[in-house]
Amino acid sequence: SLLAVGLMNSIMFATIFTLAVAGLGRHTEEASGLLNVAIVGGALVPMLFGAVADASSLRLALLLPVLCYAYILWYGLKGHVRTA
C-alpha cells in the first residue's frame with residue numbers, strides 16, 4: 001500500500017492541475033500561477049503533522065493527511081465542476 005500511495009501521489013498534481021485550469025479561458029495563466037504557489041501546502045502540511053505528533057500523538061497527527069486526501073477526493077469528484 002505504501003508503494004501505491006507513492007504512485008498515486010506522483011500523478012495527482014498533473015490531474016488536479018488539468019481539472020483546475022480546464023475551461024478558464026483568459027484566466028488560465030493566472031490560475032496556473034496560483035496553483036503553483038499553492039504547492040507551499042506541500043511544505044506546510046508535513047511541518048504541521050510533526051507539530052501535532054509532538055504535541056499529542058501520531059494517531060491524531062495522521063488525521064491531517066486523511067483530511068487532505070478527503071479534500072482532494074472531493075475536489076476530484078465534485079469540486080472542480082463549475083456551477084453556472
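The values are calculated or read from the model by the stated rules, or taken from the named source; none is laboratory data. Here the structure is a predicted model, which is why all the values come from computation and not from measurement. So basically every Cβ, Gly included, is an ideal-geometry build from the backbone, and we count neighbours across all protein chains shown. Note: areas computed on protein heavy atoms with side chains; ligands, DNA, RNA excluded. Shrake-Rupley method; radii C 1.70, N 1.55, O 1.52, S 1.80 Å.
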Looking only at the stretch 25-44, count how many residues are open to solvent by 50 Å² or more (accessible area, probe 1.4 Å) and either under 23 Å from Phe13 (Cβ atoms) or of a type in the set (Val, Ile, Thr) (or both).
13
Any chance Gly23 is outside any helix (DSSP H, G or I) and without any contact (Cβ under 8 Å) to a residue 60 or more places away in the chain:
yes
Considering each of Leu44, Leu64 in turn, give the residue that is modelled with pLDDT under 90 and among the aliphatic types (A, V, I, L, M).
Leu44
Select, from Ile72, Ile11, the only residue that is open to solvent by less than 60 Å² (accessible area, probe 1.4 Å) and part of a helix (DSSP H, G or I).
Ile72
If you go through the stretch 1-35, how many residues are closer than 22 Å to Ala70 by Cβ and of a type outside the set (A, V, I, L, M)?
8
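Considering the stretch 45-58 alone, what residues qualify as being within 23 Å of Trp74 (Cβ to Cβ) and open to solvent by 60 Å² or more (accessible area, probe 1.4 Å)? First the steps, then the outcome.
Within the stretch 45-58, the first condition is being within 23 Å of Trp74 (Cβ to Cβ), and the residues that meet it are 45-46, 48-49, 52.
Across the stretch 45-58, the qualifying residues are Pro46, Leu48.
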Filter the stretch 14-24 for residues that are surrounded by fewer than 13 Cβ atoms within 10 Å (Cβ to Cβ), of a type in the set (A, V, I, L, M, F, W, C) and within 15 Å of Gly79 (Cα to Cα) and give the result.
Ala22
